[in-house]
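Scroll down for the structure; my scribbles are underneath it.
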């Protein structure tokens, strides 16, 4: 999802020309000011995360966040996020098992986290990016049914609906990945839960700005539900951090917003949000040094009290302002 939509809200250049009922979209997402538009689009993000945590990536305010892999598409972005470095051998989104060890796998190898890490994704390639066969923790992505016991009635229904509902060749609707992950969270209470959603990317590629906005708003609702769920559970309440970001950006409206990649330099710009008991409530950051995607892995580990950089020297350093002071 574009940083422009996150920080400015719905784009006037795209409401109408890019699909949907204009009057309905304006009622839902159009407001006179950028601040009001973005709150209409992402209310939990801007009311709760901005109020209690930190948000990076508003280029309008001198806060840049960007990928360093130079490719500006999904597999390189997910690898950079989860491993903390660029692998120049990754040149496509082909479902090839990642040769690199992600921070998730690195944590799962430690006794304190073994069996307490899980990853879910709407895109089937997430299984290969985290190298599910080697990684040793629970992974579920794409149309794959979730079969790890206990398979509750809710999971049975999700598996059935996933099998019966076609979205894209390699990606299910976000709802299936989210609700499967949420059910797993309630049942197994992992220490680290990774969730990748993807409808905003698919709808943008199809040029459907109306569906893109609706998907973004739905993800915001999912974040709220996830946060409220963990805060209702003793195991997580008051000691859980939420990290929210994207694998790449997109181009400018009215044409390049549909795409991303090396030929669209602006698609390197992303955004990041952090909220939890160890992160000071500094809100929307401005006039600060840039942060990069390769810092997320070490930041995640540091919030757990682990030194990822000591083991993976080429990984980006943690974002210090997010950590306890």
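If you scan segment 266-279, which residues turn out to be in contact (Cβ under 8 Å) with a residue 24 or more places away in the chain, out of contact with any strand residue (DSSP E or B) (no Cβ under 9 Å at 6 or more places or on another chain) and under 13 Å from residue 66 (Cα atoms)?
267
Can you tell me how many residues in segment 183-200 are assigned to a helix (DSSP H, G or I) and out of contact with any strand residue (DSSP E or B) (no Cβ under 9 Å at 6 or more places or on another chain)?
4
Can you tell me which condition residue 133 does not meet? The list is (1) without any contact (Cβ under 8 Å) to a residue 60 or more places away in the chain; (2) over 20 Å from the mean Cα position of the chain (by Cα); (3) closer than 21 Å to residue 241 by Cβ, and all the others hold.
Here residue 133 clears every test but (3).
Given (1) over 18 Å from the mean Cα position of the chain (by Cα); (2) touching a residue at least 24 places away in the same chain (Cβ under 8 Å), identify the lone condition not met by residue 195.
Unmet condition: (1).
Scanning segment 28-57 for residues that are part of a loop (DSSP other than H, G, I, E, B) and touching a strand residue (DSSP E or B) at 6+ places or on another chain (Cβ under 9 Å), which turns out surrounded by the fewest Cβ atoms within 10 Å (Cβ to Cβ)?
53
Considering each of 160, 114, 134 in turn, give the residue that is touching a helix residue (DSSP H, G or I) at 6+ places or on another chain (Cβ under 8 Å), assigned to a helix (DSSP H, G or I), at negative phi and surrounded by fewer than 21 Cβ atoms within 10 Å (Cβ to Cβ).
134
(1) crowded, with 18+ Cβ neighbours inside 10 Å; (2) assigned to a loop (DSSP other than H, G, I, E, B); (3) without any contact (Cβ under 8 Å) to a residue 60 or more places away in the chain: which one isn't true of residue 105, the others all being true?
(2)
Out of everything in segment 163-174 that is without any contact (Cβ under 8 Å) to a residue 40 or more places away in the chain and outside any loop (DSSP other than H, G, I, E, B), what residue ends up being farthest from residue 79 (Cα to Cα)?
Here the residue is 164.
Here is a yes/no grid of residues against (1) assigned to a loop (DSSP other than H, G, I, E, B); (2) exposed (fewer than 14 other Cβ atoms within 10 Å of the Cβ); (3) modelled with pLDDT under 95:
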position: 239; (1), (2), (3): yes, yes, no
position: 243; (1), (2), (3): no, no, no
position: 248; (1), (2), (3): yes, no, no
position: 257; (1), (2), (3): no, no, no
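Could you list, in sequence order, all residues of segment 145-157 that are surrounded by 16 or more Cβ atoms within 10 Å (Cβ to Cβ) and assigned to a loop (DSSP other than H, G, I, E, B)?
146, the sole residue that qualifies.
Please pick out the residue among 66, 75 that is over 20 Å from residue 188 (Cα atoms), in contact with a strand residue (DSSP E or B) (Cβ under 7 Å, 6 or more places away or on another chain) and assigned by TED's automatic domain parsing to the domain that holds residue 305.
Matching residue, one of 66, 75: 66.
Can residue 25 be described as in contact with a strand residue (DSSP E or B) (Cβ under 9 Å, 6 or more places away or on another chain), over 26 Å from residue 290 (Cβ atoms), surrounded by fewer than 23 Cβ atoms within 10 Å (Cβ to Cβ) and not assigned by TED's automatic domain parsing to the domain that holds residue 169?
In short, yes.
Examine segment 219-235 for a residue that is assigned to a helix (DSSP H, G or I), in contact (Cβ under 8 Å) with a residue 24 or more places away in the chain, in the same structural domain as residue 52 (by TED's automatic domain parsing) and under 24 Å from residue 93 (Cβ atoms), and state whether such a residue exists.
yes
Condition first: free of Cβ contacts under 8 Å to residues at least 60 places away in the same chain, at negative phi and more than 18 Å from the chain's Cα centre (by Cα). Now tell me which residues in segment 289-308 satisfy that.
Correct list: 289, 302, 307.
Taking residue 121, is it touching a strand residue (DSSP E or B) at 6+ places or on another chain (Cβ under 9 Å), surrounded by 22 or more Cβ atoms within 10 Å (Cβ to Cβ) and not assigned by TED's automatic domain parsing to the domain that holds residue 262?
Yes.
The values are calculated or read from the model by the stated rules, or taken from the named source; none is laboratory data. The model shown is predicted, which means the values in this text are computed figures rather than measured ones. Counting neighbours? That spans all protein chains shown, and the Cβs are built from the backbone with ideal geometry, glycine included.
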